[in-house]
Amino acid sequence: MEGKSSTPNPKLLQRLQTEYDYRPDHIQNTLSLLLADNTIPFVARYRKEQTGNLDEVQIANLLDRYEYLKELEDRRETILNSIREQEKLTKELEKKINAVQTKQELEDLYLPYKPKRRTRAMIAREKGLEPLAQLVLEEQGDRNQINNWLGEFQAGLSSPLPSDEIWQGVRDICAEKVAEDAQTRARIRQLTFQQGKFVSEVKQEFKETTSKFEMYYEFSENISKIQPHRYLAIRRGEKEKILQTRVQVHEGLTESTLQEIWLTKANVDFRKELQIALSDAYDRLLAPSIETEIRQKLKQQADESSIELFSKNLRQLLMQPPGGSRVVIGLDPGFRTGTKWVVIDHTGRLHRNGVIYPVEPQRQVEASKRTLLGLIERYQAEIVVVGNGTGSREVSQFLKEFIKDLELKVRHLVVNESGASVYSASEVARKEFPDLDLTVRGAVSIARRYQDPLAELVKIDPKSIGVGQYQHDVNQKQLKQSLDRTVESCVNQVGVELNQASAALLSYVSGVTKSLAARIVSYRDENGPFRSRQDLMHVTGFGKKAFEQAAGFLRIRNAEHPLDRSAVHPERYSIVEQMAASQELLVGDLIGNQDALENIQFQEFVSEEIGRYTLNDILEELKKPGRDPRDDHQEVQFSETVQDMKDIQVGMHLQGVVTNITHFGAFVDIGVHQDGLVHISQMSSQFVRDPLEACSVGQRVEVWVLEVDNQRKRIALSMRNPDSKNLDRNSSKTLVQKKNKLAKQQSRQKQSTGMDQLTEKFRSL
């Protein structure tokens, strides 16, 4: 938004005020704040009176809509200038262009005037056939009129044109006019989207082969109903040259629609020529163009839906409860190269690192035990965490026996290490640990991820964390913007400890750029811990604007001023001081003093600038200063009897943790290196419209095994307790019934068996 006017465009502002059910002044204030380089988290948190307490999602949507309308206006002006330069801009056309409300409508109107390569219609116009085409198209010319026109036309030529050439040119001109007519395109586009089907077929050379796209070998679905994940899967299959696709519309529907628009008179001598032109217009020009537009629309819809889901997954992952500030031993399991270990203190600082060989092939069990015991005793470690990669179950089993045999109080658990390898090889990791091996850096990331998932995961590109399917298939610019917004939102919602935060974490704080974050860390390294928020003003480049945006989200645990430890913004310290004075207390004595806080007459502090929203936020913060919005940490205990997929039996009751959520269900880690799928129909005894309604990423869940396919490494799970007495009658079908239903679906669509149906339908890729 930098460099832009802080005053919203009045025309666009008026449009937004009609579209949104918000007070007009709140819309104007919100946009003015954003255009003045205020961040969304800052505006949502500290400018609630101006915005009417709009949340971050509402503010972001308002900004996105404004930017869309701004792009629309800019494009409208460009098109008007282009047509004006061609000297073809009529008052009627200008009125139509100014009236349209979407980019699609605008481009439809511009199409006849848009510069294009030389077409068949252009060639016919160069021959002088446009007047004749117009007579035919408008159904105004009878046979005598047209014959007279042809006679005069041929007489003016040095060499007469063959009749076939003339009428082919006329049809070409008519076809192009039909195909470029805005009303016609809108009707055919709507018809195609509502009545058309998207068809997918396997290419001939792959008919006898199996692939992850099998369920789309013979697939047809209404365009308006196709699910985002299905379209992205088919699109990927097409990209890999296994599938071929087409948009299919009943020929009679398009033919009758075109005739309804263009054949308005009953008795026309050259109707046949016009009918041929209409067919050509659709087959050669309209159908390919509309199909391209349909594909673009489906892609856009799939992108938007998928990106929204990815962002929700990422938020849930980032907002997982922290393990807390405690000494942690982190293990990155391995076989041949051993298990790398690190000791991380309560601040996240690395103390020591090394390697043990507790499992095959070296299997130095006793030596590994001695090493771990020495580390636990020396550093008073409270917990040992293991990454869930290769060797995780074997190392976890070793730890269980080790802790049990020695009757240690230390705990151990498995941590999702998705993205740890990406961090290990990143520039951030190299700067942080230039002398450490990649695997050791990975162990550090695993240990820190337990302490504070948010602080560690921000160091990794969000796309590398594993937030959803088809990440590389959606619009990458939109994906990055959405994921970056999500990370920024989470970081600022939680708040950041200024004296411990990495540069990566600080860079997501409102108003703090990457370069400014690096300078904050450098200043801290050179001058010691920050003692107050005001000390930030000593950092090079940290001006008043950056301080305004960032200060409220930065915490200093041992600050001189008690409010520097809280989410109260420095601009409101004076209000808190007045509140404390009204109770004859110091600010530090007011914080957490429930009796004193209840006695404050908050209405006395209301002003035009500070209203009930801000005062309520201050009150909540004073009650529980520096509160963490994340829930308490929940640990998952995987079954000790299940070490591998071969140990899983249908009907087993297991604990797991949700690792990913899709449009069709959720994937759950049950501790066997292969996530199982809980289809949306198995998430509850009640109807579930959206998987996010039933679970969240990182959530501990109880599941029951429905089916296991060891060959294909696929596990079908259910979150519905088969023994529950409260199951909905309509949804409490037996496993046999479920299988029969699947078999019928397979027969109809010629899909593969049992697990193929589940995983190919619900996972696809």
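Throughout, read-outs are computed from the coordinates displayed, never taken from laboratory work. Remember, it's a predicted structure, so these values are computed and weren't measured experimentally. So basically every Cβ, Gly included, is an ideal-geometry build from the backbone, and we count neighbours across all protein chains shown.
Taking label points 7 Å from Cα along the Cα-to-Cβ direction, K624 and Q275 give a separation of 7.6 nm. Among 476-483, 443-450, 281-288, the peptide with the highest mean count of other Cβ atoms within 10 Å heads the list, and the full ranking is 443-450, 281-288, 476-483. Principal-axis analysis of the Cα atoms of the chain puts helix 228-239 at an angle of about 70° to the longest axis.
Compared with the dominant principal axis of the Cα atoms in the chain, helix 271-280 is inclined by about 30°.
To make sure I understand, if each residue's beta carbon is the centre and we count other beta carbons within 10 Å, what order do F433, F667 fall in, fewest to most?
The order, fewest Cβ neighbours first, is F433, F667.
Computed from Cα positions, the angle between helix 573-582 and the longest principal axis of the chain comes to roughly 50 degrees.
Roughly what % of DSSP beta bridges within the chain run antiparallel, to the nearest 5? Antiparallel: roughly 75 percent of the beta bridges in the chain. Legend: calculated FRET efficiency, E427 to E598, from the Cβ-Cβ distance at R0 = 45 Å, rounded to 0.05, equals 0.30.
Counting every C-alpha pair in the stretch 439-484, the share spaced more than 14 angstrom apart comes to 57%.
How much FRET efficiency would the formula 1/(1 + (r/R0)^6) give for N81 and S607, where r is the Cβ-Cβ distance and R0 is 41 Å, rounded to 0.05? Let's see the in-between values first.
Values: r = 49 Å, r/R0 = 1.19.
That gives a FRET efficiency of 0.25.
For the chain, relative contact order (Cα pairs under 8 Å, six or more residues apart, normalised by length) works out to 10 percent. Ordered by the number of other Cβ atoms lying within 10 Å of each residue's own Cβ, fewest first, Y508, Y573, Y216 fall into the sequence Y573, Y508, Y216.
On the basis of the beta-carbon distance and an R0 of 56 Å, R531 and L253 show a calculated FRET efficiency of 0.15.
Taking amide H atoms as placed 1.01 Å from N in the peptide plane, the amide H of V701 lies under 5 Å from those of G656, V657, V658, each 5 or more residues away in sequence or on another chain. In this Cβ point-charge picture (+1 for Lys and Arg, -1 for Asp and Glu), the stretch 619-720 has a dipole of about 200 debye about its Cα centre.
The amide H of R411, built 1.01 Å from its N in the peptide plane, has I383, V384 as neighbours under 5 Å, considering only residues 5 or more places off or on other chains. Amide H contacts of G665: I680, each under 5 Å away and 5 or more positions distant or on a separate chain (H built 1.01 Å from N in the peptide plane; Pro and chain starts excluded).
Projecting the Cα atoms of P333, Y46, H663 onto the charge dipole of the chain (Cβ charges, centred on the Cα centre) puts P333 farthest toward the positive pole.
With charges only on Cβ, +1 for K and R and -1 for D and E, what is the dipole size of the stretch 65-125 about its Cα centre, in debye, rounded to 20?
Values: 16 positive and 12 negative charges, 90 e Å.
That gives a dipole near 440 debye.
Seen from all sides and averaged, what is the projected area of the convex hull of the Cα atoms in the stretch 10-113, in nm²? All intermediate terms of the calculation are to be shown ahead of the outcome.
Numbers: hull surface 29.0 nm².
Computing the convex hull of the Cα atoms and averaging its projections yields 7.2 nm².
Could you work out [θ]222 nm for the chain from helices alone, using -39500 (n - 2.57) per DSSP H run of at least four and dividing by all its residues? Round to the nearest 500 deg cm²/dmol.
Values: 31 runs with 356 residues, N = 765.
Mean residue ellipticity, 222 nm, calculated: -14500 deg cm²/dmol.
By counting other Cβ atoms within 10 Å of each Cβ, how are D55, D21 ranked from fewest to most?
Details: D55 14, D21 5.
Least crowded to most crowded, the residues run D21, D55.
Each Cα pair under 8 Å and six or more residues apart adds its separation to the average, and for the stretch 643-708 the resulting relative contact order is 43 percent. This model, with +1 at the C-beta of Lys and Arg and -1 at the C-beta of Asp and Glu, gives the chain a dipole about its Cα centre of some 1620 debye. Beyond 23 Å, what share of the Cα-Cα pairs of the stretch 179-266 remains, rounded to the nearest whole percent? Every Cα pair in the stretch 179-266 considered, those over 23 Å come to 39 percent.
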